[in-house]
Every structure is written in structure tokens, then in C-alpha cells.
Amino acid sequence: MAEDTEDTEQTEFWMVCETGDIEPFDDYHDAYEALTSAVKRDVEKHGEETARESGVIHPYGYTINVMRDGRDVTEDWERNEPYKPLSMD
């Protein structure tokens, strides 16, 4: 008899700094809080303009990548969750 298996895709939210640092989170809100805290810290330390221009790919140099079972699903997240941003503008 075959055992029923439940779909258990695991989603991780990686707070990524353009310097290469990655901090994984299991919850979107925790990842976004870490991102906003990092931006706030940089603004306080370097000033708004310098902090904002420090990012090459994204303003402030931070973003959240959404990973599901090892696959990058960030673009899908952006389409399906437009009110949950993945970077600071």
C-alpha cells in the first residue's frame, strides 16, 4: 500500500547583501525586517545619499531572494505578492 505524501515545499527568504553576505530566514517578515534594519544602519552611518548609491544592482545594496526547495522563485514571488517588496526603493 502506497503511503500518502504531503506536498512540503520549503520556502526560504534570503536577505542578500551585494558584498556577498546571505542570511536565510523562514519567514518573509523576518527577512524584510532584517533588510530594513540593515538599510537604516547604513543610512545612519553613511548618510542617505551615500547609502542609497552604495548598491549596484538594488538601491542600498540589499535584496531578498525567495527560494523554494533550492529553486530561485523570486520573479514568481514578485508577480504573486506585489505588496510584499523584496528591496528598498
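None of the figures in this text is laboratory data; all of them are computed from the coordinates on show. All figures in this text were calculated on a predicted structure; none of them were measured in a lab. FYI the Cβ positions are ideal-geometry reconstructions off the backbone, even for glycines, and counts take in every protein chain you see.
Using R₀ = 30 Å, calculate the FRET efficiency as 1/(1 + (r/R₀)^6) where r is the Cβ-Cβ separation of Glu48 and Arg79; round to 0.05.
0.50
Provide the packing ranking of 70-79, 52-61, i.e. peptides ordered by the mean count of other C-beta atoms within 10 Å per residue, highest first. Present the calculation step by step, with values, prior to reporting the outcome.
Values: 70-79: 12.4, 52-61: 15.7.
Per-residue mean Cβ counts within 10 Å order the peptides as 52-61, 70-79.
Using just the helices of the chain, give the 222 nm mean residue ellipticity in deg cm²/dmol: DSSP H runs with n ≥ 4 each add -39,500 (n - 2.57), and the total is spread over all residues, rounded to 500. Walk me through the intermediate numbers first.
Details: 3 runs with 32 residues, N = 89.
Using -39500 (n - 2.57) per qualifying helix, the result is -11000 deg cm²/dmol.
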Per-residue ³J(HN,Hα) for region 30-37, Karplus 6.51 cos²θ - 1.76 cosθ + 1.60, θ = phi - 60°, Hz, x for Gly and Pro = 5, 5, 5, 5, 5, 4, 5, 5
When every alpha-carbon pair in the chain is counted, what percent end up more than 18 Å apart?
-> 47 percent
Can you work out ³J(HN,Hα) from phi for every residue in region 60-68, in order, using Karplus 6.51 cos²θ - 1.76 cosθ + 1.60 and θ = phi - 60°, giving whole Hz and x for Gly and Pro?
-> 6, x, 10, 8, 10, 9, 9, 10, 10
